[in-house]
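Student: Can you read through this structure? Questions will come right after.
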Amino acid sequence: RESKLTRLLQESLGGRTKTSIVATVSPASINLEDALSTLDYAHRAKNITNRPEINQKLSRKALLKEYTEEIERLRRDLLANRERNGVYLAQENYNEMQTLIENQTKEIEEKITHIKVLQETMEAKEQIFNDLQEKHVEQTTHLHKTKEQLESTTHAPVSTNALLKMTEREKEEQCHLVEKHVSTEEELLSQAQTLLNIADTTASNWSKKTSILVIIFEVMSHDNFKIWKIALKLMHRSSYNFALF
């Protein structure tokens, strides 16, 4: 406490100030030992660390009271141990110990109750977490299914368009066939009408009538109902009996 270093650092002992030390050495060879000593001193001073602590001011009376109570407690314990009356502690110390045990027991019970509450809360949280996880799995599955349906719905218009085009093509083919059929029917009707006119003018000629009937029956092979009616009309106009046919 009486060293020069302590006096230099006495301003920084409170922990709120900083102290700088400048070590001065001589370059002369005759002062080599002093320079080494100064450098060693500065190095040791640099490594000093202050740890301020609050001073507990105890009065002499309070200190004596504390020591007296400790001595009295030890004396009672010693007396109870010597008497060996079943309790090797003084009654006051025993009561204090019992009170401490009861307090600690209550505290332990409270801690156990708190642990049970926390455990129940944890189980409830785990149940909620499991439910949420199951819902997440269900939602994920539903999302995949919806995505697949969306993809199939996206591809559906392509197949629908192809079917529509095929239907339109078939419709065009049917229209073309109908037009051809109508054209053929009109042509056959024209030919039958011509034959009917010829039959009217030459009804007396049996050979011609026979050839006309042959042509009419050839026309009948086309399964045309209108031509068949014209042929019947031709047969009605003629006066011959065609029962043999």
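The values are calculated or read from the model by the stated rules, or taken from the named source; none is laboratory data. Values in this document were obtained by computation on a predicted structure and should not be read as measured data. Quick reminder, even Gly has a Cβ in these numbers, built from the backbone with ideal geometry, and neighbours come from all protein chains shown.
Student: Does residue 134 qualify as being surrounded by 10 or more Cβ atoms within 10 Å (Cβ to Cβ) and modelled with pLDDT of 80 or more? Steps first, please.
Tutor: Details: surrounded by 10 or more Cβ atoms within 10 Å (Cβ to Cβ): yes; modelled with pLDDT of 80 or more: yes.
Considered against the rule, which asks whether it is surrounded by 10 or more Cβ atoms within 10 Å (Cβ to Cβ) and modelled with pLDDT of 80 or more, residue 134 comes out as yes.
Student: For the stretch 15-48, enumerate the residues that are of a type in the set (A, V, I, L, M, F, W, C) and either surrounded by fewer than 10 Cβ atoms within 10 Å (Cβ to Cβ) or in contact with a Gly (Cβ under 6 Å, 6 or more places away or on another chain) (or both). Steps first, please.
Tutor: Of the stretch 15-48, the ones of a type in the set (A, V, I, L, M, F, W, C) are 21-23, 25, 28, 30, 32, 35-36, 39, 42, 45, 48.
22, 28, 30 - these are the residues of the stretch 15-48 that are of a type in the set (A, V, I, L, M, F, W, C) and either surrounded by fewer than 10 Cβ atoms within 10 Å (Cβ to Cβ) or in contact with a Gly (Cβ under 6 Å, 6 or more places away or on another chain) (or both).
Student: Then there's this: Take residue 82 and tell me if it is in a helix (DSSP H, G or I) and touching a helix residue (DSSP H, G or I) at 6+ places or on another chain (Cβ under 8 Å). Even if it seems obvious, please write down each step before you answer.
Tutor: Values: in a helix (DSSP H, G or I): yes; touching a helix residue (DSSP H, G or I) at 6+ places or on another chain (Cβ under 8 Å): no.
Against the criterion (in a helix (DSSP H, G or I) and touching a helix residue (DSSP H, G or I) at 6+ places or on another chain (Cβ under 8 Å)), residue 82 does not qualify.
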